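Here is the structure we will look at, set down as structure tokens.
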Amino acid sequence: MQKSEILKLQAENEQLRAELLKVTTKLDCALENNISLSAQMKDLQEKLDIIIDQFKKQNKKQYGSKNEHHNPRQAPPNTNESAADASEINQSSANGGTDSASVKKHCRLK
């Protein structure tokens, strides 16, 4: 090999070593940042879990453990039926109370 080729290869080697050092430095920095971000993500996840638990407790306290599915409300009376029943009662009293069948019918509906 000639001396010029050896010098050329040595210069290229030095250049490659410098680039390798730059890349290694960047990689080390990225790994450190990754560790830092991982710790931050873990901390944020723990805080989020605490907030979710507090939100669930608040909802349970505000709305109770039972909802309408477990303890349904009575349906409101139908206004059409109650008006019709009232008119039947008025008619039977107008007849002098002789229409006892409509009164009995009214009692059975309730």
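Rule-based calculations on the coordinates, nothing more; no lab input. None of these values were measured; they are calculated from a predicted model. When we count neighbours, we look across all protein chains shown, and the Cβ atoms used for this are built from the backbone with ideal geometry, even at glycine.
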Review point. Mind listing the phi-derived Karplus ³J(HN,Hα) values for the stretch 6-23, rounded to whole Hz, using 6.51, -1.76 and 1.60 with θ = phi - 60°, and x for any glycine or proline?
Key: 5, 5, 5, 5, 5, 5, 5, 4, 5, 5, 5, 5, 5, 5, 4, 5, 4, 5
**Study point:** Dipole of the stretch 1-64 [Lys/Arg +1, Asp/Glu -1 at C-beta], most positive-end residue of 55, 31, 44
**Key:** 55
Check your understanding: Residue by residue, what Karplus-based ³J(HN,Hα) values in Hz, rounded to whole numbers, does the stretch 28-33 have, using 6.51, -1.76 and 1.60 with θ = phi - 60° and x for Gly and Pro?
Key -> 4, 5, 5, 5, 5, 5
